Amino acid sequence: MTARGRPRAAAAPGLRQARRAWRVQFTDSNASLALAERVLVRGEAAAEARAWALLARAFHRMRYATPAEALPEFAAADRAFAAIGERRGQILAAVGHARCLWMQGHFQPSLDALLPLRDEGLRCLRGDERALLLNGLAGCYSALGQPALAFAHMYQGLREGRGRGALGFDCVLHCNIAHELLLLGDVDEALRHLDEGLRRAATLRNARLDSVLRINRIAALTDLGRPHDALPDVEHLRAQPADANGRGASDAGFETMAIAALRAGRTALGLDLVERARQADADPGLPDTRIERAVAQAEALRAEGRPAAALKLLEALPLDAQGVGPRERCMALHLLADLAESLGHSARALRWLRACQRAQAERSRLASLARQQAAALQTELQRVERERDEIEARRRDSERARVALAALSARLAQQVAQVQALQAELRQQAVRDPLTGLHNRRHLNDVLPAMFALARRDGQPLAAVVIDLDHFKQVNDRHGHLAGDELLAAFGRLLSSQLRRSDVACRYGGEEFCLLLPRTPAAAAHRKAASLLRQWRAARFTFDGCDVGRLTFSAGVADTAHAAIAEPVDLLRAADDAVLRAKRGGRACVRVHDGVPAAA
């Protein structure tokens, strides 16, 4: 009854159930499908109820079945909403349709479908629904190699999905932001978002969402060289059926799990997962999934003692195809270099290693660009939000409008503060390696060109020293990754204590480090590297009562005085070549670019 005693208007048949089916699609996916099916089998259900039920079922089929099965459902939902003049529902159906195109590898058509809807959607959709639209745009920009726009849309979507009445899509955004960070190599920050997403997913009944978060965490731990730590997630996912009653058949992630298992030494498990990937989907639609599956197959061939077949498989891959992510490209190139080296093909190994270094440099460039430009789209998005709020305010009386605008101003100020804090945090993360405290590869790529140009202008040499800790994998295998991390941190402290303020020390990647020494010829840089080697040899480390043993490293030195070094990349390449000679010469030594060995 109303306050005046009149009976409330009866809700259209099934509408309450249909709207609930839509609202709980992330918090309880099975309940969402059951409610939608219940409405659709009822002949008396109203047109509006059928439209929302069709939309909920379409999104469920997109996630748990295949895009091809979901596309007709989205078309039916669009027609149903058009018949009742419900524009909000039509936009959401279009978002789902575009996402299916994206899942089939049609990235530009997906973006072309979403862009005309962006401003209208941000005005008329609600919090999680706006996040759904923004996430669709972000996925397109990511696949098309525009990470700055992808990050901007995802972070805006995360803020939309965190508001009052959030229905679980913030968990999806944590997952997708982590995936984008993985593509760009920011693995530690990706893990932070994954842990937050899994914490949030624990409160939901959504096996699909939980599984995608775990797959991304497996990828992150594998990238960090910790595949053993990923095995619990692998076993958890293997126990879940890859169908509509479990985590869904779409992009089941078997290849990601296979790579982790094989690199952790679980050969039988890895081979089983490679076969599961093949059986699940003979031709995955996304290019980066094809590359990752090929890497898993190559790892399986290597585990079976067939490195030549693995090399042949990877060399046939279209690594420069549109939609191949920087992570997958670098992963394949690194494995190509390893396989070629294991087969004794030195020239091919060097070629693939250099290609991998170029891909890593481009990956770092994209990451730096993304963090510098991620806020660029925020102005436009905030403008659309202000327009929406102004239209709403004009429909209210003046007093309510003043209250609403005051509340809006406070909220926007808080959002601005959050954006500024996030940007400050990202800038710091962009240039520092959290484990060693040294600068990272991204910072090296930023400062090397300027230092190189300054050295040329002043006529003073700039030396580069590339250091590779010897037998570091054995430390991880024998004593565990925590021991390996402590060694890396200790070596970072050694470098920080022994270098000048003008020198730049960076973690080059894994157990590799790079030093830039201005106004330093190769001979002096060699002496400095030899001194560091002596100090590192003298260090002693014990873990769980076991002595790590003799610690050494191999180092390569080059400087800008060499006639063959004309560009910054030549300087790093020359030092890398010297490291390779040092390693081939027995390790535990320092070599200069001209090939003359230096006594340690």
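The values are calculated or read from the model by the stated rules, or taken from the named source; none is laboratory data. The model shown is predicted, which means the values in this text are computed figures rather than measured ones. As a convention, Cβ positions derive from the backbone with ideal geometry for all residues, glycine included, and neighbour counts pool all protein chains shown.
Quick notes on this structure:
- Of the residues A538, A566, the single one that is free of Cβ contacts under 8 Å to residues at least 24 places away in the same chain, within 35 Å of the chain's Cα centre (by Cα) and exposed (fewer than 15 other Cβ atoms within 10 Å of the Cβ) is A566.
- Complete set of residues in the stretch 541-563 that are assigned to a loop (DSSP other than H, G, I, E, B) and either surrounded by fewer than 21 Cβ atoms within 10 Å (Cβ to Cβ) or under 33 Å from the mean Cα position of the chain (by Cα) (or both): F541, D544, G545, V548, G549, R550, T552, A561, H562, A563
- L198 passes every criterion in (1) surrounded by fewer than 22 Cβ atoms within 10 Å (Cβ to Cβ); (2) farther than 20 Å from M257 by Cα apart from (2).
- Taking each residue of the stretch 114-141 that is touching a residue at least 60 places away in the same chain (Cβ under 8 Å) and looking for partners that are not in a helix (DSSP H, G or I) with beta-carbon atoms closer than 9 Å, six or more apart or interchain, yields D128/F26; D128/G163; D128/G165; D128/A166; D128/L167; D128/G168.
- Scanning the stretch 192-241 for residues that are within 20 Å of N30 (Cα to Cα), of a type in the set (S, T, Y) and either under 15 Å from the mean Cα position of the chain (by Cα) or at pLDDT 90 or above (or both) returns no hits.
Yes or no, residue by residue, for (1) crowded, with 20+ Cβ neighbours inside 10 Å; (2) touching a Leu at 6+ places or on another chain (Cβ under 8 Å):
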residue	(1), (2)
P287	yes, no
A294	yes, yes
A303	yes, yes
P307	no, yes
L311	yes, yes
A316	no, no
A321	no, no
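- Of the helices (runs of 4 or more DSSP H) lying entirely inside the stretch 441-511, the ones with 3 or more residues being more than 17 Å from W536 (Cα to Cα) are found at 441-458, 472-479.
- Residue within the stretch 111-126 that is within 23 Å of the chain's Cα centre (by Cα) and closer than 22 Å to A321 by Cβ present: yes
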